[in-house]
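Each value in this text was obtained by applying a stated rule to the coordinates, not by laboratory testing. Predicted model, so just to flag it, every value in this text is computed and none were measured. Here the Cβ is made from the backbone with ideal geometry for all residues, glycine too, and neighbour counts use every protein chain on show.
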Amino acid sequence: METVATKLPPKLVQELDALIREGRFPNRSEVLRVAVRKFLEEGSKTAAREPSVGSDPRVRRYKDLMRRVASDPRYRNRWVAVFQDRVIESDDAMDPLVKRVLDRSETPVQIGYANLEGKLPVARVPGVRVRRP
């Protein structure tokens, strides 16, 4: 076996150690091996079951909508809020746009980044905390 070093938040380490104390696993390495194995198995099942994002018709419609909206120079390379195929708000930044749209009565509103290439914006999200009962 190869050694793989990793850092984990203290809370996860406490949960690992609790599994060992309960006698469910002999040591931390075994917990991590089982978890990684399960994660990889589930990932391959999910990949085989789900179509790629690019083939999803909803994604294609979103990209087409953003290209269409971007054809108007007022909205090109800006964040837009669209209701029933009509731009109702736009902004250079997403957060202020979302705040304004939340105060409006129209629903559902689609928010996206209008660009001629139809590229999806990339969001960087900090780590997710999972609460267990």
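Remarks
- Sites GLN84 and LEU40 - FRET efficiency at Förster radius 25 Å, r taken between beta-carbons, to 0.05: 0.05
- Share of pairwise Cα separations in region 54-114, more than 20 Å, in percent: 23
- Cα-centred dipole magnitude for region 10-49, charges only on beta-carbon of K, R (+1) and D, E (-1), debye, nearest 20: 120
- For VAL87, VAL36, order by how many other beta-carbon atoms lie within 10 Å, fewest first: VAL36, VAL87
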